[in-house]
1. For the stretch B:177-262, which GluC sites (Glu not before Pro) pass both filters: DSSP loop (anything but H, G, I, E, B) and at most 13 other C-beta atoms within 10 Å?
2. Of all the Cα-Cα pairs you can form in chain A, what percent are over 29 Å apart?
3. Taking a ≥ b ≥ c as the square roots of the Cα gyration tensor eigenvalues, with a/c under 1.5 meaning rounded and otherwise prolate when a/b beats b/c, else oblate, which class fits the stretch B:1-46?
4. May I ask you to list, by number, the DSSP H helices of chain A whose Cα span along the axis is at least 30 Å and whose average Kyte-Doolittle hydropathy reaches -1.0 or more?
5. Can you give me the Rg/Rh ratio for the stretch B:114-262, using Cα atoms for both radii and the Kirkwood formula for Rh?
6. Under the rule of -39500 (n - 2.57) per DSSP H run of 4 or more residues, summed and divided by the residues of chain B, what mean residue ellipticity at 222 nm is obtained, to the nearest 500 deg cm²/dmol?
7. Taking the Cβ of A:Glu194 as the centre, find all other residues whose Cβ is under 14 Å away and add up their charges (Lys, Arg: +1; Asp, Glu: -1).
8. Whole angstrom only: what separates the Cα centroid of the stretch B:54-118 from the Cα centroid of the stretch A:100-144?
Amino acid sequence: MRPAAGIGLRAPHLAEIGRDRPATGFLEIHAENHLGGSPARQAVERLREIYDFSVHAVGLSLGSVDGLDEAHLGRVGELVKRLKPVLVSDHLSWSVHGGHYLNDLLPLPYTEEALEVVVRNLDRLQEALGRRVSIENPSCYLGFVQSTLTEPEFLAELVRRSGCGLLLDLNNIVVTAHNLRLDPRDWLKALPGEAITEYHLAGHAVNDCDGEPILIDDHGSRVGDEVWALFGDALRRYGPRPTLVEWDTDIPALPVLLEEAARAERMIQQARADAARAA
Amino acid sequence: MPLALRDLQAAFAAHVVGGDRADLVAAVVGDSMSAEARLRVYRHHVAHSLGSALAATFATVQALVGDAFFRSMAQGFIGQTLPTQPVLDEYGADFPAFVAGYEPAASLPYLADSARFDWALNVAFHSPVGRRLAAADLARIAAERLPSLSLAVPEGATLIGSRYPLDRIWNASQSGATAGTVDLDDGGADLLVLRRSDDAAFIVLAEGEAAFVAALIDGKSLEAAAEQASHADPSFDLSTVFARLLSLEAFAALQQRAEGEG
């Protein structure tokens, strides 16, 4: 797929997109919202005839020490087989323990033990889907004392051992870096760039935690200035990739979302022009 | 001593649903923002996101009791029943039973039935449309075989009976509904909840119709179902009721094999 900017496809916009078919690079859906036979699933299948799709899972729980839920894996596999998306992804996190699903992207300690667990689960996922899957860096609100690797080191090693792709979420980098007192530019530097398959952009909220500001990855506003700036850095360092603008809470009118994607698209084109001039 | 990943995940899972775990707190880096405060972000998100998922599925219940009451009731449910898989529109099958036994809602006796109705709408919405039985399908079946025919309701359909007027309660809870009161002594409701092409919907059934549909769901033949319906309502007329339900696409198409035989 030509690197272009796309939007997250959300229920309030389904009818409008089906009717007006606005120009956008691609549409991304959350796998877990489209596994049944709902009207939304039917609408997605119709839109698939017009748009490129990305299937973004939020519930595979790749960091679970107990392995993957084979029933859920089967359902996601069926969706992927049906939609033939350009990209498939999930997160570097876990959400299932003891057969209970906690509906959050919970953090992993970055250790050799966790690395082996994620690689094992990723191997199973990529084998079941018969394709490469990309892993997204999560938003973190805490770190573990026992971590021996940084998050970028952990991701790089994951790529090396499993052959997975990287979904680089610039908003998550900004959120994690702020919350864990890291420099987002340092974070960005140390990645295997050729493995990056997609960028994510979104807005975050600033809440109070123990009397201090904490950034919360709520996907509920426009992309912030710091995230746009970091996106510019990523484009210069690693080059253009398909780029998604996500908006999941307080979802705005469709034109607002498309405006954000248009801004990302202009930055992608600028980066391409700059690269051509430099070559 | 670092926690093994298995132990760390067990402690984290317990902590986010409210069981304070000192071993987990000790494993988290704390600075001017304490480990406890950082863990609270996850605890809050798990509670809030699951509460929101239940609010989306049980929209009538939420409209009836208001957001604050609903959230508190939902937390009680989440504390005893977590999802067992990540598809959240499949979470909450046991919520109506929880509502029925929820002491603070005891003065709202219709609330649990409204929750059952919400769940039925949710199940129907996420079910495939499926082909429906049409008059033309029946024309291909020999007349003498009709009485022994078994009919199924569409996939994801639910028959709901309540001593409260659930359909009017539901109507009144819709956004934009004109203000008015629903008389709870106004009689109950029998509803067949089912998937329509672009939404979930329901058919309001008369007493005999409800008995008829219930018998068909039990696997009874048309003839036996009609007999059962006549007991419930002596004025039950099979041909009128059958034509009405057929026109409302209340039955699933016959299985391929039966069609072939016809």
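1. Values: sites: B:Glu207, B:Glu209, B:Glu223, B:Glu227, B:Glu249, B:Glu259, B:Glu261; in loops: B:Glu249.
Listed in order of number, the matching sites amount to none.
2. Details: 11558 of 38781 pairs.
Tail fraction, whole percent: 30.
3. Numbers: a/c = 2.15, a/b = 1.12, b/c = 1.93.
In terms of gyration-tensor shape, oblate.
4. Qualifying helices, which must be both long enough and hydrophobic enough, are A:254-278.
5. On the way: Rg = 16.3 Å, Rh = 16.3 Å.
Across the stretch B:114-262, the Cα-based Rg/Rh ratio is 1.00.
6. Numbers: 13 runs with 134 residues, N = 262.
One gets -15000 deg cm²/dmol as the mean residue ellipticity at 222 nm.
7. Values: positive: A:Arg132, A:Arg160, A:Arg237, A:Arg241; negative: A:Glu198.
The answer is +3.
8. First find each Cα centre; the distance between them is then 32 Å.
Every read-out reported here was derived from the displayed coordinates using simple, explicitly stated rules and does not represent laboratory data. For clarity, every value in this text was computed on a predicted model and none was experimentally measured. Using ideal geometry, Cβ is built from the backbone for each residue, glycine included, and neighbour counts are taken over all protein chains shown.
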